[in-house]
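Can you read through this structure? Questions will come right after.
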């Protein structure tokens, strides 16, 4: 399995690079890489805005993690996240991809093993839900990857997901962390409060 993490965004509402924010004394990015390393043969990190800072940060990772990382720069990052997803997926060679948001450093280790156990050839798209609400990350197969790569840059993952050709499975789970979304300083302060409580 390949993993993909997008660090290309402007983080305009946050005012800081989300990838470099700290959780459990490690950057958001490193938290996610450590967990994906256990389940992925390759981790693709898409850079864009302030790419040099992200690449410098990755250069300080342990070799165990760096050996699985492939970095790709999206020169069109200002056009939106979908262009970064397309850029990263062009490097994916696996039957399954786990598409991980950068602002979910708090998903527990157990989530990943439970989640990838949901893989099934009958489905192209697997997404966690809790009490009927959809969360992230998302697992998708080569069919979805091709549809994304073949789409126009102004498309969205939401549009792709509505295709009748894609069979979806929603994994009902108890992990509330699938909803973590850090867009503002208030969101980040809330995450840090939860970290201190655990």
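The values are calculated or read from the model by the stated rules, or taken from the named source; none is laboratory data. Keep in mind that what you see is a predicted model, and the values were worked out from it rather than measured. When we count neighbours, we look across all protein chains shown, and the Cβ atoms used for this are built from the backbone with ideal geometry, even at glycine.
Which of the numbered conditions does residue 9 fail, given that it passes all the others? Conditions: (1) part of a loop (DSSP other than H, G, I, E, B); (2) farther than 19 Å from residue 86 by Cα.
Going through the list (1) part of a loop (DSSP other than H, G, I, E, B); (2) farther than 19 Å from residue 86 by Cα, residue 9 breaks only (2).
Another question about this same structure. For the subset of region 49-87 comprising residues that are free of Cβ contacts under 8 Å to residues at least 60 places away in the same chain and in a loop (DSSP other than H, G, I, E, B), which member is nearest to residue 159 (Cα to Cα)?
The qualifying residue nearest to residue 159 (Cα to Cα) is 75.
To keep it simple, each residue is scored yes or no on (1) under 17 Å from the mean Cα position of the chain (by Cα); (2) farther than 23 Å from residue 46 by Cα; (3) at pLDDT below 95.
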{"position": "92", "(1), (2), (3)": "yes, no, yes"}
{"position": "97", "(1), (2), (3)": "yes, no, no"}
{"position": "104", "(1), (2), (3)": "yes, no, no"}
{"position": "112", "(1), (2), (3)": "yes, no, no"}
{"position": "125", "(1), (2), (3)": "yes, no, no"}
{"position": "130", "(1), (2), (3)": "no, yes, no"}
{"position": "135", "(1), (2), (3)": "yes, no, no"}
{"position": "138", "(1), (2), (3)": "yes, no, no"}
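Please verify whether region 144-158 includes one or more residues that are at negative phi, in contact (Cβ under 8 Å) with a residue 40 or more places away in the chain and over 20 Å from the mean Cα position of the chain (by Cα).
Checked against the condition, which is being at negative phi, in contact (Cβ under 8 Å) with a residue 40 or more places away in the chain and over 20 Å from the mean Cα position of the chain (by Cα), region 144-158 yields no hits at all.
Can you name the residue in region 42-57 that is touching a strand residue (DSSP E or B) at 6+ places or on another chain (Cβ under 7 Å) and surrounded by fewer than 20 Cβ atoms within 10 Å (Cβ to Cβ) and is also nearest to residue 94 (Cα to Cα) among such residues?
Going through the qualifying residues, I end up with 42.
Among the residues of region 78-89 satisfying the criterion of being over 13 Å from residue 138 (Cβ atoms) and modelled with pLDDT of 95 or more, which is surrounded by the most Cβ atoms within 10 Å (Cβ to Cβ)?
Among those that are over 13 Å from residue 138 (Cβ atoms) and modelled with pLDDT of 95 or more, it is 88.
Name the single residue that is nearest to residue 182 (Cα to Cα) among those in region 18-28 being out of contact with any strand residue (DSSP E or B) (no Cβ under 9 Å at 6 or more places or on another chain) and not in a strand (DSSP E or B).
So the residue we want is 18.
Moving to a separate point now. Could you tell me which numbered condition residue 39 fails, if it satisfies all but one of (1) modelled with pLDDT of 95 or more; (2) buried (at least 20 other Cβ atoms within 10 Å of the Cβ); (3) part of a loop (DSSP other than H, G, I, E, B)?
Looking at each condition in turn, residue 39 falls short on (2).
Among the numbered criteria (1) surrounded by 16 or more Cβ atoms within 10 Å (Cβ to Cβ); (2) assigned to a helix (DSSP H, G or I); (3) more than 16 Å from the chain's Cα centre (by Cα), which one does residue 31 miss?
Here residue 31 clears every test but (3).
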